[in-house]
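What follows is a single structure, written as structure tokens, with notes after it.
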Amino acid sequence: MTNPQQPQEPRDPNQPSAGQVPPVGPPQAGGVPPVGPPPPQPGQAPSWQNPPAAPTAPTGGEYGAYGAPAGVPDARPGGVTAAAIMTWVGSALIVVAGLFLLGASGMSSELQDAGLPAEFTEVLPAIGGVLLVIGIAAIVLAVLAFRRSKVGLYGLLALGGIYLIMTIISMASGAGGGGIVGLLWVGIACGLLFRAREWFNQSPTTI
């Protein structure tokens, strides 16, 4: 006795049958979307073989990404601090000498009695005034340089250069001048400032 055949349910034409692998690739017109990543293009490696790009640090050329020269720290260099202190000490001595010469101008007769020529005692006020102005100007320029001002930097370098030239000429002519100590003092201070000139390219500090 034969069993009657069971009626078969209608099958969806878009549904894969048993044992059939779903297609991989772009969906066909009227079909279901493909399963899995799209196939790689010719000559292109699969997506799982391409590592993500490493993040790169911002660059800005010579002056870096944030406006400061590359490789130059924001902290004040020790050379600038040392040069400013040397300038303040030396300028204070110049101011004292200027005040002394201004005060000595009122004792011209006593100085002449001590053996000083009259021509020298007559120019004491002028020499004292020049020393006083130079000393005060150097103190102000040292403060500006200490606060990262290019005016202070170039002003001190100019004053130091003039002092070195005048001292060398004075020593060569036998007048004495500031001597070796003054040359070394001013030369070292100018050298420290010149070496730290890149630091002055940044914005002025507030401390």
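The values are calculated or read from the model by the stated rules, or taken from the named source; none is laboratory data. Every value quoted in this text rests on a predicted model; they were computed, and no experiment measured them. Cβ placement follows ideal geometry from the backbone for every residue including glycine, while neighbour counts extend to all protein chains displayed.
For this structure, a couple of remarks:
- Residue match in segment 88-103 (condition: touching a helix residue (DSSP H, G or I) at 6+ places or on another chain (Cβ under 6 Å) and of a type in the set (Val, Ile, Thr)): yes
- When Leu157, Leu184, Leu124 are screened for being touching a Phe, Trp or Tyr at 6+ places or on another chain (Cβ under 8 Å) and among the aliphatic types (A, V, I, L, M), only Leu157 passes.
- Within the set Tyr154, Tyr163, the sole residue that is modelled with pLDDT of 95 or more and within 20 Å of Gly90 (Cα to Cα) turns out to be Tyr154.
- Residues considered: Leu99, Leu116. Of these, the only one that is free of Cβ contacts under 8 Å to residues at least 60 places away in the same chain, surrounded by 13 or more Cβ atoms within 10 Å (Cβ to Cβ) and part of a loop (DSSP other than H, G, I, E, B) is Leu116.
- Test result for Val186, surrounded by 16 or more Cβ atoms within 10 Å (Cβ to Cβ), under 21 Å from Leu131 (Cα atoms) and either at pLDDT below 95 or more than 16 Å from the chain's Cα centre (by Cα) (or both): yes
- Every condition in (1) among the hydrophobic types (A, V, I, L, M, F, W, C); (2) more than 14 Å from Cys190 (Cβ to Cβ); (3) modelled with pLDDT under 95; (4) surrounded by fewer than 18 Cβ atoms within 10 Å (Cβ to Cβ) holds for Ala92 except the one numbered (3).
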